[in-house]
Each structure stands twice: as C-alpha cells, then as structure tokens.
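Encoded as structure tokens, the structure appears first; notes follow it.
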Amino acid sequence: MAYSQQKIIKTIVNQETLLTVAHADVVSNDGYTIANSEGKFELFTDSKKIKIRRIGYEDYEILIEKLKKVDSIFLKEKHMELHEVVLGNTMLINKYLDSTIGKFPKTKHSENFFLRATLKKDNELVKLIDISGQLERQKTFSSKKDYKKNCSFEIKNIRKAGVLDHSKNTPDFEMFSLSELCYRINFFIYRPKFFNYEYESYIDEHILKVNFTPKDGKKTFSGHYLIDTASTTIIKAHISSTTISEFTKKNKNKWRTVGWHLDTRLAHENSQNNMHVRHAILTFDVEYINKLGETDLYHIRYDIHFDKKLHKVPVIENIKANKEIFTLDFDYNEAFWKNQNQLPLTKEMVDFINGLDTLNQNEFQGITNIK
C-alpha cells in the first residue's frame, strides 16, 4: 500500500549544463514514474535503491538512504558523434518501420493510463485536468473513420480545475475527447514515399537518430526517429509543424493553429512480445483574434503515460469516450492524488488551484472538483 511507503521528491539535473532533465524514467523494485517537464519526480517506494534512465545519458543508480541527503540527482550526458549521411536505401528505413509496426498487438487489449491536459492563455494556466483510468483498444491503429469506436474507457480518478471568463470576447476552448487523443498520438509512422530520410548521429551505443523531411511540400511537418538498431525498432518519434493554418471565423472572431508537436516514446512491454506507446506529449499553439482586434495565444498540451504491461482485463465503461475531456465529471479522491507517482503538481499548478477561491466572481467562474 502506498500509504505505508516513503515518499521521495527530487529533481534530475544535467551534470554539465545544470539544466533540469525532463521525462527520465525513475524505477524501483516496487514503483515507477517519469520525471515531469521540470525534471521533478515523486515516488512512493519501500525499495533500498532506485535507478534513473534517460536516452542520451548514463544510467544512474543510488541508494535511498543516500538519496535522502541530496536535493538533486545529476545525470552524465553521453557524447557520441557521427557525420550526417543521407540514407539512399529506403529498404533500411522500411525495415525499421515494418519491424516496429509488426510488434504492436493486433487484437483487443487493455492498458492503464495517466493523462494530464492543460490549457494556457498567454502563458497563464486556465484549465488543468488529470485523469487515471483504463483504456481498452479493439486494435492498435485505427482509421479516421473508425477511431470513435476503437476505444473504451473506465475512469478511476479525475482532478480538474479551470477558469471560465465571462467576457464575450474570450473563447472557452474545447479539448480533445479521450478517443480522439488516443487516435492522434498513434500518428508516428511515415514512409519514404513522402519523406526524405537521413541519419544524423548515434546518441547511445545502439540508438540511431534518423531525420525525415517532406519530399514535395504536400506534407507540412518533419521530425526524427530514435531507432534501437539492436531490436530494429523505433523507440521514440518526434514530429513537428510550424505551418500556419488558415483562419477559422465565427461571430467576427477568428483563430488558427500556428504550430503543433508530437513526441511519442515506444517500449516493449514486460513480456517483450509486444510494443506499445509508453509516453506521448501532444501540443498545439493557437492564435485567437477577437472582434475587437485583440490577440491571444493559447497553448494546449496533452501528456499521457501508459503502464508497462498490456493485459486483457476488460474495462467497465463508465464515460463517453467521445466527450470533451474537461466536461467529464468524477468525484475527487484526495487520498489517491496525494499518494500517486505519475502526476505531481508543479508550483504553478498548485498556485492556480489555490487561486480559484480569490477570483472576481463577476468576471470569472472557477470550475473544479477539488473540495
């Protein structure tokens, strides 16, 4: 039980630059978590030691008793260089793509997940929702036509807080539904038919970085893969677009997407027979101009973690998968959120939640399930 375990709160730092290291794996014999974007992690454990892993860094193992005496954990970066070379043989990249796809489950399966979604207006938080639950997929990869029927969800816990601006000049931006989010984070396989590929460098003994760019301008994004050459599988995909879309107009207001990014980390599950998405971050930047000509920039971020192990335990569906996630209702469980490892609140989030009580009720409405 988490209630009897010791709670470790630390920050992971690059030993050379002294900058924080985001999204490192933190593993003990009885627990697991991922450091947040600030390099901070919280872990409940009874183990005597933990191990820190991050691609491009040396593994770091430390005893809990020693860890208690320090504020930060310093990781040593690996330095490996290789001159950039164009991949002329498309068979090689197709081999990596086919090998990766072939290791994803092709039948119905379930996964436990943690999701954090945030919305910022001009770099200030206006919505935050954390969700834990279980996802059941009919298949891993679905089409745009059938993704709404591909996934079922059983929600276990929700923590949410938001501010609704009563001004008619400020939009209430909707977030994705759970089904659309899980559909979008699986967009990470792109073929040489539409993209040029070149490998840049080895960032680890067997980890090769491969860049891809569109061939003819029809695709509006580019990115890179990190490929484990030992297992011939992709372990990370980064896709990025700074293409500015056309304005959508409504009631003399208008908005457009000015950039989006997807980082997807893949892993073998415990049995080693299947691969799955372990961690994904999807972001959008939206420019909004109201009818008075005032401009605001909105930043939407989805950060979803999946459990190590796939299973076949059916979900007991208790929400509509196609409903916008911030509108989902669920009672707040203080004990659960206090004792979970995956989604620690940042100082900014704590201040935002506490500030809901001091809002000017004539101008703003606080929305939260936290009692």
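Figures for the structure shown
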quantity: Among the residues listed as Glu363, Glu334, the single one being surrounded by fewer than 13 Cβ atoms within 10 Å (Cβ to Cβ) and either of a type in the set (A, V, I, L, M) or touching a His at 6+ places or on another chain (Cβ under 9 Å) (or both); calculated: Glu363
quantity: Candidates Ile93, Ile101 - the one that is touching a residue at least 40 places away in the same chain (Cβ under 8 Å), of a type in the set (A, V, I, L, M, F, W, C), surrounded by fewer than 20 Cβ atoms within 10 Å (Cβ to Cβ) and part of a helix (DSSP H, G or I); calculated: Ile101
quantity: Considering residues of the range 120-140 that are within 16 Å of Pro105 (Cα to Cα) and under 18 Å from the mean Cα position of the chain (by Cα) only, the residue surrounded by the fewest Cβ atoms within 10 Å (Cβ to Cβ); calculated: Thr140
quantity: Subset of the range 346-371 [in contact (Cβ under 8 Å) with a residue 24 or more places away in the chain and not in a helix (DSSP H, G or I)]; calculated: Thr346, Leu359, Asn362, Glu363, Phe364, Gln365, Gly366, Ile367, Thr368, Asn369, Ile370, Lys371
quantity: Residue list for the range 154-197, restricted to those being closer than 20 Å to Gly223 by Cα, part of a strand (DSSP E or B) and not aromatic (Phe, Trp, Tyr); calculated: Asn196
quantity: Which numbered condition Lys51 misses (of (1) part of a loop (DSSP other than H, G, I, E, B); (2) at pLDDT 90 or above; (3) among the charged types (D, E, K, R)); calculated: (1)
quantity: The range 14-64, residues that are in contact (Cβ under 8 Å) with a residue 60 or more places away in the chain, surrounded by 14 or more Cβ atoms within 10 Å (Cβ to Cβ) and among the acidic types (Asp, Glu); calculated: Glu38, Glu42
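Here's the yes/no breakdown for (1) farther than 30 Å from Asp59 by Cβ; (2) part of a loop (DSSP other than H, G, I, E, B); (3) at pLDDT below 90:
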{"residue": "Asp204", "(1), (2), (3)": "no, yes, yes"}
{"residue": "Lys209", "(1), (2), (3)": "no, no, yes"}
{"residue": "Thr220", "(1), (2), (3)": "yes, yes, yes"}
{"residue": "Ile227", "(1), (2), (3)": "no, no, no"}
{"residue": "Trp255", "(1), (2), (3)": "yes, no, no"}
{"residue": "Thr264", "(1), (2), (3)": "no, no, no"}
{"residue": "Asn270", "(1), (2), (3)": "no, yes, yes"}
{"residue": "Ala280", "(1), (2), (3)": "no, no, no"}
{"residue": "Asp285", "(1), (2), (3)": "yes, no, no"}
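The values are calculated or read from the model by the stated rules, or taken from the named source; none is laboratory data. This is a predicted model, so every value here is computed, not measured. Glycine gets a Cβ as well: all are built from the backbone with ideal geometry, and neighbour counts include every protein chain shown.
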